[in-house]
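Below is one structure; the comments refer to it alone.
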Amino acid sequence: MFACIYSEKLPADLSLTDFAYAFSPLVEETKAGTVVIDVDGCELLFGSAYQLAQEVARRAKQSRTSGGLESIVNVAIAANPDAAIHAATRLQGITFVSPGEELTCVGEFPVTHLDYSLVKVDEQTAAEIFETLRLWGIRSFRDFASLPVAGVSERLGQEGIRLQQLAAGKTERHLKIKQPAPVFANSLELEHPITELEPLSFIFARLLHQLCAALNAYALGTNELLVELQLENQTTHERRLSLPYPMRDHKVFLKLLLLDTEMHPPAAAVRAVSIKCEPVKPRVLQSGLFVPLAPAPDKLELTLARLAKLVGEENLGSPSLVDTHRPDAFTMKRFVLPSKKSIRKSAIKNRQCLGLRMFRPALRAVVETEQGCPAQISAWGKQRSVYGKVVQLAGPWRTTGDWWREDRWARDEWDVALASSKKLSDEPPGLYRIYRKLNSEMWFVAGNYD
């Protein structure tokens, strides 16, 4: 049996399909304001088919907060879904069509009210058939259904046969089930508040397993988890786990979540847990035949999480330059593998730039000056030495900053080209960056240009 629910004046912000899911998981959205549900097997919940129709009409009148539509709907029950659609759209209230008695209910409907889209007949063909039927004196569903099948087939073709079966309520088709929108979120309210991590891990494991099963069903992954813990003191403890690439392994999620909970424990006992994520397309990799395998990204993420627990999150990651003129100023950001596109853009952007190879630490230097400018440089270190005559220079550039701090800086910088007497005459000079600290008058070689 099938039930058609029809609403002529439904508010735009309400969904008739979502309302129908409260009665059956098999829902077809035929058109705006019309849905059909399969009610076979619903007797245990709602009783007979007629009782189900009464329940649908009663709930539709309820308020939105109670799950209703705040409007009156037409409900038709029939063994044929198309007969139920025609009955619900033409008859007010609740209609019950007994199997085999479809024409008793819909037989007097005008033949032009046939919903030809249900049998995949285009509008122009349907209009031509309806005009032919008018010339024949066919006015109702009953008249059309009483015509001989052979004659209809000869004069109207297969489209006419399908329309005749539609008028007689004898079409055979399956519902075009509309899948509900996937929800990638799970929550659980606990009977007793939890204060320890071990029992909380079982709750995490259950919710994450359900979440990953939903992601697998749609061939998706996620690179961000949002965890909300409702605490006993009426507050909310929120944690957001950002992943370097999309994953859907509940075991990896559980380990990362437990490590994060150990570093950031909730302030009170937990009485409800909610986990949700934003689905994204999974990462697809194909390694070359002769390319060595890199460490698995999920294992790398677990290793980073364990290190963050030991040394602190602020001391782990990849260095990033700070928007300041302070020399060697940097901060630690979360380690994320750059995409090939961003690497390619960066290479194109820096193709015409010189690369400065910094010396760590900078080499202490002895510099001879002429009129305040470097003329001869000598610097030695454990692994390298720089010395020679300055043949070209640019500068100085004075940088100062953070005068209010103890580690303030102030220095003059030069770019110099050095020519050593031991080099051949046709060999180009080496390019170096040197600087002089203004507070101590000491010279250093910062690095060389590639």
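The values are calculated or read from the model by the stated rules, or taken from the named source; none is laboratory data. Keep in mind that what you see is a predicted model, and the values were worked out from it rather than measured. Note that each Cβ is placed from the backbone with ideal geometry, even for glycine, and that neighbours are counted across all protein chains shown.
Results, tabulated for the structure shown:
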| item | result |
| --- | --- |
| Residues located in the stretch 26-52, provided they are closer than 18 Å to residue 80 by Cα and assigned to a loop (DSSP other than H, G, I, E, B) | 26, 39, 40, 41, 42, 48 |
| Residue count, the stretch 133-153 (criterion: in contact with a helix residue (DSSP H, G or I) (Cβ under 7 Å, 6 or more places away or on another chain) and either over 22 Å from residue 102 (Cα atoms) or among the polar types (S, T, N, Q) (or both)) | 2 |
| Any hit, the stretch 27-34, residues being basic (Lys, Arg), under 33 Å from the mean Cα position of the chain (by Cα) and within 27 Å of residue 169 (Cβ to Cβ) | yes |
| Qualifying residue in the stretch 112-125 (condition: surrounded by fewer than 18 Cβ atoms within 10 Å (Cβ to Cβ) and small (Gly, Ala, Ser)) | yes |
| Positions within the stretch 427-446 being closer than 24 Å to residue 355 by Cβ and modelled with pLDDT under 85, in sequence order | 427, 428, 429, 430, 446 |
| Residue, nearest to residue 162 (Cα to Cα), within the stretch 81-94, restricted to residues that are buried (at least 20 other Cβ atoms within 10 Å of the Cβ) and not aliphatic (A, V, I, L, M) | 82 |
| Qualifying residue in the stretch 193-208 (condition: more than 23 Å from residue 30 (Cα to Cα), of a type in the set (Lys, Arg) and at pLDDT 85 or above) | yes |
| Residue within the stretch 44-59 that is surrounded by fewer than 18 Cβ atoms within 10 Å (Cβ to Cβ), aromatic (Phe, Trp, Tyr) and assigned by TED's automatic domain parsing to the domain that holds residue 12 present | yes |
| Matching entry among 293, 304, 289, 285 (being among the aliphatic types (A, V, I, L, M), surrounded by 13 or more Cβ atoms within 10 Å (Cβ to Cβ), at pLDDT below 75 and not assigned by TED's automatic domain parsing to the domain that holds residue 189) | 304 |
| So residue 83, is it part of a helix (DSSP H, G or I) and of a type in the set (A, V, I, L, M) | yes |
